[in-house]
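Accompanying notes for the structure given below.
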Amino acid sequence: MMGPHKIGSRLMLGFGLVILSFFGVAAYSYLRQQDVAGALEEIHKVEEAGKAGLQLANYAREKYIHEAHVLLGGGPGHEEHYQRAEEAMERWLCEMRSLLTDPEEMHLLEELDARGRDFDRHFQEEILPVVRRGEQESFLPLHHKTEEILDDILAVNETLSSRLDARIENTAAFARGASRQARTVTLVSVAVATLLALSFSWLLAGSIVAPIRKLVAGTEAVGRGALNTELAVSDPTELGQLAASFNRMTRELRDRREELVRARHLASLGELAAGVAHEINNPISVILGYVQTLRKEAAPGGSMADDLATVEAEALQCQRIVRDLLDLARPVDRVDEPMDVREVLEDALETARRTRAGAAVKVRSSFAEGPLLLDVERRWLKQLAVNLVNNAYEAMPEGGELAVEAGPLPDGGVHLVVSDTGVGIPAEHMDRIFDPFFTTKGAGTGLGLAICYRVVTALGGRIDVASRQGEGARFAVSLPGRRPGETS
Ligand SMILES: Nc1ncnc2c1ncn2[C@@H]1O[C@H](COP(=O)(O)OP(=O)(O)OP(=O)(O)O)[C@@H](O)[C@H]1O
Ligand SMILES: [Mg+2]
């Protein structure tokens with residue numbers, strides 16, 4: 001069987017979903033923030049590269065100036081200045097290389113490098129030898145070439161610089177987009193998670209609060225005395241189990257109330273019967289006395305003797321009824337000297353076996369080891385045993401199996417079971433078999449089970465019957481031991 005869906009796991013599922021969605025939102029916005037931070041970092045690098053580009057252009061111009069000075073005969077100092085500007089330009093080129101990664105930009109950078117090298121080669125290999133040789137007529141064309149190379153360098157640098165500006169613009173736009181997106185997603189997700197939490201609470205209210213309300217209404221109804229209140233147990237959670245045990249409880253209460261009503265009913269019937277029985281007891285004893293005297297005097301075998309025998313038999317039956325009726329009203333008390341239930345049961349079985357010699361009944365008894373002592377007057381135990389065993393025999397006119405079990409109860413009491421494979425009890429009789437005078441037998445008085453019931457309930461025990469028509473019957477009796485403080 002699948003275990004019930006525990007309320008705990010429902011709660012965990014619900015809260016888990018809410019927490020998970022909040023976690024998802026947090027993770028997403030963290031990642032977007034990382035994106036924005038990455039973009040800022042990139043912008044910073046590109047700006048640095050832009051600054052380096054400016055420096056590069058400056059030093060290219062400086063180199064041009066020193067070259068011009070050298071041509072104008074400014075002396076060897078300018079060669080040195082040119083050298084330093086050249087080194088500085090190299091440094092800034094290196095700096096830019098370390099900052100840029102884009103292949104297009106790298107390509108432009110290499111172009112710059114190549115142009116720079118052209119500049120140097122022109123200066124070292126063409127200008128300086130000509131200056132040293134003093135060939136003044138070549139100066140102007142050489143200077144023009146220098147100007148051309150410088151223009152190239154500045155143009156490439158300009159292209160690179162506008163590319164970098166565009167990159168900054170793009171990256172900034174990306175960062176703005178990412179942070180806008182993060183804001184929107186966070187807002188939407190928080191709204192969704194809130195909705196989720198609200199619908200979870202709503203579901204929780206439906207699946208927990210509503211059944212609890214029903215339970216409360218049920219208990220209030222029971223409190224008002226409506227013991228036939230039944231709750232739906234379809235809920236698969238612990239609340240369903242609670243509803244089931246609530247139903248069990250009301251059923252038990254109902255049974256107890258019925259028992260109480262029956263006990264009261266029996267008590268008043270018993271009182272009435274006992275009053276009548278008491279009045280009849282003496283006359284019957286007198287009648288029996290006279291009949292027995294008359295029988296002795298009557299001629300044996302005559303019609304008078306036969307009539308008197310019939311009168312005696314009927315009077316004895318009356319006496320039996322009267323005795324049973326008186327039993328129904330007599331108090332059932334505890335005694336100080338305990339009786340052995342096992343011995344009483346064995347006696348009853350033995351008597352039944354002897355008096356019902358014709359019946360093909362197989363008796364199977366299983367008793368716990370040792371005596372089963374109970375501090376109850378023997379006559380009551382005997383009434384119990386004899387009535388249950390006799391009923392079993394009478395239920396099996398065609399023969400069958402009678403099983404008798406007895407054993408101790410943990411509280412010092414005794415439990416016994418008498419079951420047969422006889423005709424069984426129809427469902428419609430179940431409610432009435434313990435009523436006095438209810439009988440389905442021609443010769444029965446219907447007092448047997450009424451007395452059993454009275455004895456058992458007076459001792460604080462219970463008697464349960466399970467039977468189906470045609471499938472035998474099973475009477476289970478438990479008799480508690482004496483409770484502390486209980487007197488005999
Ligand atoms: N073991 C049983 N199997 C089938 N029906 C039973 C059994 N025990 C009792 N009954 C039914 O319960 C009725 C009442 O039983 P109860 O012992 O009170 O009276 P009785 O046996 O009819 O008469 P009495 O015991 O006074 O001779 C019986 O008439 C019978 O219908
Ligand atoms: Mg009986």
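Rule-based calculations on the coordinates, nothing more; no lab input. Treat the numbers as computed from the prediction; the structure is a model and nothing was measured. Virtual Cβ from ideal backbone geometry, glycine too; neighbours counted across all protein chains shown.
As a rough guide to protection, the peptides 317-327, 358-368 ranked by mean Cβ packing within 10 Å, highest first, stand as 317-327, 358-368.
Sparse packing (at most 13 other Cβ atoms within 10 Å of the Cβ) combined with a DSSP loop state is found for the following GluC sites (Glu not before Pro) in region 165-262: GLU230. Only helices enter the 222 nm calculation for the chain: every DSSP H run of n ≥ 4 contributes -39,500 (n - 2.57), and dividing by all residues gives -24000 deg cm²/dmol, rounded to 500. In the chain, a dipole from Cβ-located charges (positive for Lys and Arg, negative for Asp and Glu) runs towards its positive end, and of VAL341, VAL209, HIS415 it is VAL341 whose Cα lies farthest in that direction. Centroid-to-centroid, using Cα positions, region 13-33 and region 47-117 are 52 Å apart. The trypsin sites (Lys or Arg not before Pro) of region 181-253 that DSSP puts in a loop, and whose beta carbon has at most 12 other beta carbons within 10 Å, are ARG224. Across q = 0.23 Å⁻¹, region 255-330 modelled as identical point scatterers on its alpha-carbon atoms has Debye log10 I(q)/I(0) values of -0.94, in the order of the q list.
Close lysine pairs were tallied over region 1-156: pairs 8 or more places apart or on different chains with Cα atoms under 30 Å apart number 4. Residues whose amide H falls under 5 Å from that of ASP333, counting only those 5 or more places apart or on a different chain, are GLU377, with hydrogens built in the peptide plane.
Stokes-Einstein diffusion of region 388-488 at 25 °C, 0.890 mPa s viscosity, Kirkwood radius from Cα pairs, rounded to a whole number: 170 µm²/s.
Placing R0 at 56 angstrom, the Cβ-Cβ distance between ILE19 and ALA221 gives a FRET efficiency of 0.90 after rounding to 0.05. Against the chain, whose longest principal axis is taken from its Cα atoms, helix 303-329 shows a tilt of about 40°. Take the Cβ atoms of SER9 and ALA360, set R0 to 45 Å, and the FRET efficiency comes out at 0.15.
The reciprocal of the average 1/r between distinct C-alpha atoms defines the Kirkwood hydrodynamic radius, which for the chain equals 34.5 Å.
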